[in-house]
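To start, the structure itself, in structure tokens.
The values are calculated or read from the model by the stated rules, or taken from the named source; none is laboratory data. Just so we're clear, the structure is a prediction, and the values are computed from it rather than from any experiment. Note: ideal-geometry Cβ built from the backbone for every residue, glycine included; neighbour counts use all protein chains shown.
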Number of protein chains: 4
Amino acid sequence: MQLGMVGLGRMGANIVRRLMRDGHECVVFDVNPDAVAALVAEGATGADSIEDLAAKLDAPRAVWLMVPAGITGQLVDQVAATLEAGDTIIDGGNSNYRDDVRRAAKLKPRGIHYVDAGTSGGVFGLERGYCLMIGGPDEAFTRLEPIFRTIAPGEGTIERTPGRTGDYAPEELGYLHCGPSGAGHFVKMVHNGIEYGIMAALAEGMNILENADAGTREAEHSAEVAPLEEPEFYQFTIDTPKVTELWRRGSVISSWLLDLTAAALQENPALDGLAGRVSDSGEGRWTVKAAVDIGVPAPVLAASLFERFASRDEDEYANQLLSAMRLQFGGHRELPAGDVLEAGTRKADA
Amino acid sequence: MQLGMVGLGRMGANIVRRLMRDGHECVVFDVNPDAVAALVAEGATGADSIEDLAAKLDAPRAVWLMVPAGITGQLVDQVAATLEAGDTIIDGGNSNYRDDVRRAAKLKPRGIHYVDAGTSGGVFGLERGYCLMIGGPDEAFTRLEPIFRTIAPGEGTIERTPGRTGDYAPEELGYLHCGPSGAGHFVKMVHNGIEYGIMAALAEGMNILENADAGTREAEHSAEVAPLEEPEFYQFTIDTPKVTELWRRGSVISSWLLDLTAAALQENPALDGLAGRVSDSGEGRWTVKAAVDIGVPAPVLAASLFERFASRDEDEYANQLLSAMRLQFGGHRELPAGDVLEAGTRKADA
Amino acid sequence: MQLGMVGLGRMGANIVRRLMRDGHECVVFDVNPDAVAALVAEGATGADSIEDLAAKLDAPRAVWLMVPAGITGQLVDQVAATLEAGDTIIDGGNSNYRDDVRRAAKLKPRGIHYVDAGTSGGVFGLERGYCLMIGGPDEAFTRLEPIFRTIAPGEGTIERTPGRTGDYAPEELGYLHCGPSGAGHFVKMVHNGIEYGIMAALAEGMNILENADAGTREAEHSAEVAPLEEPEFYQFTIDTPKVTELWRRGSVISSWLLDLTAAALQENPALDGLAGRVSDSGEGRWTVKAAVDIGVPAPVLAASLFERFASRDEDEYANQLLSAMRLQFGGHRELPAGDVLEAGTRKADA
Amino acid sequence: MQLGMVGLGRMGANIVRRLMRDGHECVVFDVNPDAVAALVAEGATGADSIEDLAAKLDAPRAVWLMVPAGITGQLVDQVAATLEAGDTIIDGGNSNYRDDVRRAAKLKPRGIHYVDAGTSGGVFGLERGYCLMIGGPDEAFTRLEPIFRTIAPGEGTIERTPGRTGDYAPEELGYLHCGPSGAGHFVKMVHNGIEYGIMAALAEGMNILENADAGTREAEHSAEVAPLEEPEFYQFTIDTPKVTELWRRGSVISSWLLDLTAAALQENPALDGLAGRVSDSGEGRWTVKAAVDIGVPAPVLAASLFERFASRDEDEYANQLLSAMRLQFGGHRELPAGDVLEAGTRKADA
């Protein structure tokens, strides 16, 4: 069937390619004419404006937006202005599901359907397919299902879950109608929240392995830092790149994120050039705020988010204050001087 | 080659089967004669005591112990008593790596090698193979490598990590010599610590999805519990079993633990009969203690462990005390009565 | 000076009493006529409606609302309808500071000042005074300063901070103009977030003391729960009520919350009748959400909030799911059966 | 009565002063003869060796050690060599309670009592007194009680806990016999664990206040960092030194640690010269390990410890690895370039 695509970054362009391969017809637009030209060369119909794109689609139209979350709002308005009752806007970006709820409510009186399609798959989606978490009215979902089925990975080579039989359900093909508008991005949000937690679990564990040789390093003689107890048990020099590769096969924690970790360490074993200032992009924050709103404990997901904040030194004032308090109550200096028997309480936290 | 196996529970027996399939010769012992008989029927040589097992092996002997961690210590002593210089004991169970370090040191004067083989793979290992994390002397590792290679999953169907070429390295076949005695169980310990974190991330996320309908439930009118703000954003009824199935394909968090979650929810969608008192079995604890020892932050791994403790109500005294404090400073009752305008500060935390 | 008070619950009534004692004149209203009558008997002027209250105040009027957060919004509207330019509404309840920002903006065109006064002090405020965190326009703060000074504790018996000299600053007397409308409740919100963290630190610590005798209890022989290592180090029966009393004098953690803990344990040493379902009342949630919004790590504050959620079993689905996963990958039952040597991997987390 | 003191650092010397003021007789030793001379000038009896100190004490002797934890072990041995049955060694330093248990067991056959006295009070102890948490045999505690009573703060000016009547109990005077050898340092360990949690709660909260102006700063246009939502709610410039001073009076979180925070910010409002690399000194670590051992959830105490580790960049490898993973799955660069509509998924976490 036919789809309009606005936003031809890597992900938008690859979705178009995946659709065209499967025989769908795509009308494409981007502010960058080169991006349009590239896909036209591959068989898409180009548009030179949003109005042009709408004009080139047959009613009922479907326009997929694949743009940064920050500009989705204005683009929804722009696109909606060119549409009519029965048409559908699909937001495939990383919008906050709350914006979906608001936008759907705003478009409803005009009879325009709003579908949010949380999309996971990263740079590998072109070949591997994109996992789609979809929110929106039944009618729109049903009409667009062929599009979703093409974009999704399909059954793939993954083993079928025991107990599932007969025809493959949509979720087994990699797309799911999760509920009304907003439900798709809600599920995608939680997906990314979980992703933060898994990434943090891997990173913390690898950090322990990387420091399993702590007992071999010269003891710190500082009176301010607790000395390593039982250094004899921390004498291991672990080859962390090899361990991540090992765990890919047969272990309980084998996972795509582990595959990526192994690939990263194969490519750059010493992690050269990485300062470790870890970005976050909204979904992890929204997940924690949602958990807080509905009273669900999420200590792991929250901790993984806060670690990212701290990696960017957002803990600086707190840490300075801790040092300042320690200085007050015990005369603890950050850089302690070293005399011994006299020191009495220097090591104490009072 | 030849291997003695002591402990024919599910995992021990399946390792024997995997070895025999690949042409290795196994001498087996268990306190349960039926377990021995079953494997004899499949081609193993049975032993009726540890002494008998040692007698039936050719020097240099290799005896694999696959028994609960609690009895490994005494069994190592028992087995060692039947061995001689050049022989090897392999502990394939879930021992604390510290015990490995101690045991290896104790056996060294007698010339007996001690190898610790952290083994992951669960009930699926017979077919899928077991991921092996191995510690011990080079000599013993090298001699026993054919055994490890058979037990391990091999290259399998998993895609090769980009950048790896030529012959498969051991870690690509699912076994790795991680370092001296103790290193294998150290890596296995951290592996399980990570596993706790990943499981918790999944469980917390699914709990948020399960409660995405919080806004549809009758508002709690209690003055003591914060009311749900913006209930209009929590109106989703998410089919959590379908979501876990969905994420198996194409999503960033696809993983074996997710496969198992989907399988669990397929089998028992309402989680009937599960009280949610989650056990833990040592490795998660040891991981957190190791992180604390070497000064590595592990908030996610620790939080996942503490959630398990709390699931078994180990937080009870703390919670009672919190209620008691609240009662003191604000007259907050656990079960508040309901008058309104008068209530003034009832809802306050002072 | 003169103040109108709406809401004569414990806190509202005690503020009125504190004001009258210091010579201020109070006009009071509550939906409960008995509450009005009680204060009239102590010297207040009673009002039988909000309109009546406004009529009995001289311009520029100041009306303090001390009502549950849930009804503050409608009451602000009601009161504002009776006021005119130059008058001031003070919200002394536990409103979300975001509501203050919105309400102030709404009242501004009419020339009505909106002041938010975060108020801490609990049941002890009548004697001890209330700590006041105030947001609002300079003009309103300055005019009402005599009121704030009376409500606040004053310099009290607390030792002066080294380096402070001369006249006492407002913050040394227990009230502070924190910034524009909303700033007062923002500071109060964070205050309560910190309170959650301190309470949790105390409760967790006391729980460790309460269980310092873990090594004396009969060992659990379960294959599913990690046995206590080194029980010889957990043989202490600590008298927790005495310890909290002890720490009140001379220790680094002496604090008002510790005083309350000691009082609670003196009154009810066994914490009889407390189920440990800990409520929360909004500020802790808002604090965590604010931290997430602005990218500030707050793992301790978040953990203390999530512990309260978990105390009310909001972790149930997550825990059931963890048990379900464990059942899948290792055949781990929640209530394990007990055979030994055969058990092989039963205790494992695979 | 008579006491020998070994270790005349600030805390040891001040304890001696406090004892002499109250009429006790002190024999003192330190490796630094100047420290000895200073106290001799104030009335103490000097000793020039441990043997000399023992010789100058009457049986049954009591020798208090106030030295860094790292050298306590050897000093206990040295002192014990000069003592005889019926004598007592008191360790007033910050030893791990496990060492107390071991040392007491070792000295028991010789009839020497071992008392561990966890001591809190910091630089203010000379005037304020020291809170004493005491472990050891009843006999030794009872004989030394006059010493403990003098060192402890006494009833002080702190209000009596409601319900307590009659003579003051030891815990009301600031010292407590907590149990057998080790119990004193166990309670002190948990005390310090709680202290870490309280300090972290304060520091995190103040960090939120310090960043309450996040909405006023120029928006970050990075595609990699989540933009601040609703900047209109983060427009407050909070005077954090004033806020800490404010909370000292009448607020629920008033506490000695808050007093110290206010003092620190009064002295150094901009926290100049503090890098925020926060030390830790053992007790926080031991507390978390004890909680893990006995299965008590302690997420707040653990988080406060891990924040300190992270403040010293012990999270570096983990963070680098997170950046490396992000680079793999989404092509996320740490320092993103800026084009817009094209960017498609750049902001995504895939």
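Brief remarks follow.
- Unmet requirement for B:Ala85, which otherwise passes all of (1) in contact with a His (Cβ under 8 Å, 6 or more places away or on another chain); (2) more than 14 Å from B:Ser181 (Cβ to Cβ): (1)
- Residue pairs meeting the criteria (Cβ under 7 Å; at least 6 apart or on separate chains; first more than 7 Å from every other protein chain (Cβ to nearest Cβ), in segment D:147-158; second in a loop (DSSP other than H, G, I, E, B) and not small (Gly, Ala, Ser)): D:Ile147/D:Met1; D:Ile147/D:His24; D:Thr150/D:Asp22; D:Thr150/D:His24; D:Ile151/D:Tyr130; D:Glu155/D:Tyr168
- Here segment C:232-261 is the region considered, the condition is being more than 7 Å from every other protein chain (Cβ to nearest Cβ) and touching a strand residue (DSSP E or B) at 6+ places or on another chain (Cβ under 9 Å), and the residue that is farthest from C:Ala201 (Cα to Cα) is C:Gln235.
- From the list B:Leu176, B:Leu126, B:Leu132, the lone residue that is within 14 Å of chain C (Cβ to nearest Cβ), modelled with pLDDT of 95 or more and farther than 15 Å from B:Val63 by Cα is B:Leu132.
- Hits in segment A:115-146 (condition: closer than 30 Å to D:Leu327 by Cα, without any contact (Cβ under 8 Å) to a residue 40 or more places away in the chain and of a type in the set (A, V, I, L, M, F, W, C)): A:Phe124
- Going through (1) within 20 Å of the chain's Cα centre (by Cα); (2) under 27 Å from A:Arg21 (Cα atoms); (3) hydrophobic (A, V, I, L, M, F, W, C); (4) buried (at least 23 other Cβ atoms within 10 Å of the Cβ) one by one, A:Phe124 falls short only on (4).
- Checking each residue in segment C:256-280 for being polar (S, T, N, Q) and crowded, with 24+ Cβ neighbours inside 10 Å picks out only C:Thr261.
- Sole residue being in contact (Cβ under 8 Å) with a residue 24 or more places away in the chain and under 21 Å from the mean Cα position of the chain (by Cα), chosen from A:Ser281, A:Ser254: A:Ser281
- Qualifying residue in segment B:262-285 (condition: of a type in the set (A, V, I, L, M, F, W, C) and facing chain A (nearest Cβ under 8 Å)): yes
- The sole residue among B:Glu229, B:Glu171 that is facing chain A (nearest Cβ under 8 Å), among the acidic types (Asp, Glu) and farther than 30 Å from B:Leu327 by Cα is B:Glu171.
- One residue stands out in segment B:209-226 among those that are facing another protein chain (nearest Cβ under 7 Å) and at pLDDT 60 or above: the one that is nearest to A:Ile194 (Cα to Cα), namely B:Leu209.
- Residue list for segment C:139-153, filter: buried (at least 17 other Cβ atoms within 10 Å of the Cβ), in contact with a Phe, Trp or Tyr (Cβ under 9 Å, 6 or more places away or on another chain) and within 27 Å of D:Glu159 (Cα to Cα): C:Phe148, C:Ile151, C:Ala152, C:Pro153
- Of the residues making up segment D:297-316, those that are facing another protein chain (nearest Cβ under 7 Å) and without any contact (Cβ under 8 Å) to a residue 60 or more places away in the chain are D:Pro297, D:Pro299, D:Ala302, D:Phe306, D:Phe309, D:Ala310, D:Ser311, D:Glu314, D:Asp315, D:Glu316.
- Filtered residue count, segment A:154-177, keeping only those that are out of contact with any Lys or Arg (no Cβ under 8 Å at 6 or more places or on another chain) and buried (at least 24 other Cβ atoms within 10 Å of the Cβ): 1
- Unmet requirement for B:Gly166, which otherwise passes all of (1) more than 9 Å from chain A (Cβ to nearest Cβ); (2) part of a helix (DSSP H, G or I); (3) over 17 Å from A:Phe236 (Cβ atoms); (4) of a type in the set (Gly, Ala, Ser): (2)
- Helices (runs of 4 or more DSSP H) lying entirely in segment C:184-298 (those with 3 or more residues that are under 30 Å from D:Arg164 (Cβ atoms)): C:240-247, C:256-267
- Annotation note: of A:Gly250, A:Gly284, the sole residue that is within 20 Å of B:Leu176 (Cβ to Cβ), in contact with a Gly (Cβ under 6 Å, 6 or more places away or on another chain), crowded, with 22+ Cβ neighbours inside 10 Å and not charged (D, E, K, R) is A:Gly250.
- Only one of B:Glu342, B:Glu334 that is surrounded by fewer than 23 Cβ atoms within 10 Å (Cβ to Cβ), at pLDDT below 95, part of a helix (DSSP H, G or I) and at negative phi: B:Glu342
- Whichever residue in segment B:147-173 is hydroxyl-bearing (Ser, Thr, Tyr) and within 16 Å of B:Phe124 (Cα to Cα) and, among such residues, is modelled with the highest pLDDT: B:Thr150
- Pairs with Cβ under 8 Å, 6+ apart, first in segment C:162-178 and closer than 24 Å to C:Gly92 by Cα, second among the polar types (S, T, N, Q): C:Glu172/C:Thr161
Residues checked against (1) touching an Asp or Glu at 6+ places or on another chain (Cβ under 8 Å); (2) in contact (Cβ under 8 Å) with a residue 12 or more places away in the chain; (3) within 23 Å of C:Asp138 (Cα to Cα):
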| site | (1), (2), (3) |
| --- | --- |
| C:Gly9 | yes, yes, no |
| C:Pro33 | yes, yes, no |
| C:Ala38 | no, yes, no |
| C:Glu51 | no, yes, no |
| C:Val79 | no, yes, yes |
| C:Ile90 | yes, yes, yes |
| C:Asp99 | no, yes, yes |
| C:His113 | yes, yes, yes |
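- Counted residues, segment B:180-199 - those being crowded, with 24+ Cβ neighbours inside 10 Å and either in contact with a Pro (Cβ under 6 Å, 6 or more places away or on another chain) or over 25 Å from B:Val300 (Cβ atoms) (or both): 1
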